[in-house]
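A short write-up of the structure that comes next.
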Amino acid sequence: MSSDPEGGVEVLLPIALSIVGLLVVVATSCRQTIAAYPRGGGAYTVARENLGRRVVVITDPWYLRSALEARSQAPQEPGAPGAPH
C-alpha cells in the first residue's frame, strides 16, 4: 500500500471519464431504441426482432423461470433423480 495520501488521485480522472463514456453509450442506445420503437415494445420485443425468438427464449429470465417452474411441477417417473420416493 502506498504511504502517499493522494496515491489514488491519478486514477480518478480515467475512472471518471470511463463512467461518463459508458453513460453516453447507454443514453445513445436508449435514444436509438426509442426512435426505432416509438410505440414502445419493451425489451422482449426489441430483443426478439434483433436477435431472434430462440435467443430471447433462452436468455429471458421470465422464460427461464417459467420453464423451471413447469419442469418442477411436471410428474416425474419413479426412480428418476429428484423424484419423490
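The values are calculated or read from the model by the stated rules, or taken from the named source; none is laboratory data. Remember, it's a predicted structure, so these values are computed and weren't measured experimentally.
Listed by position, the helices (runs of 4 or more DSSP H) enclosed by the stretch 32-85 that each have at least 3 residues that are modelled with pLDDT of 80 or more are 42-51. For the stretch 9-21, does any single residue satisfy the condition of being outside any helix (DSSP H, G or I) and either acidic (Asp, Glu) or at pLDDT below 65 (or both)? Within the stretch 9-21, not a single residue is outside any helix (DSSP H, G or I) and either acidic (Asp, Glu) or at pLDDT below 65 (or both).
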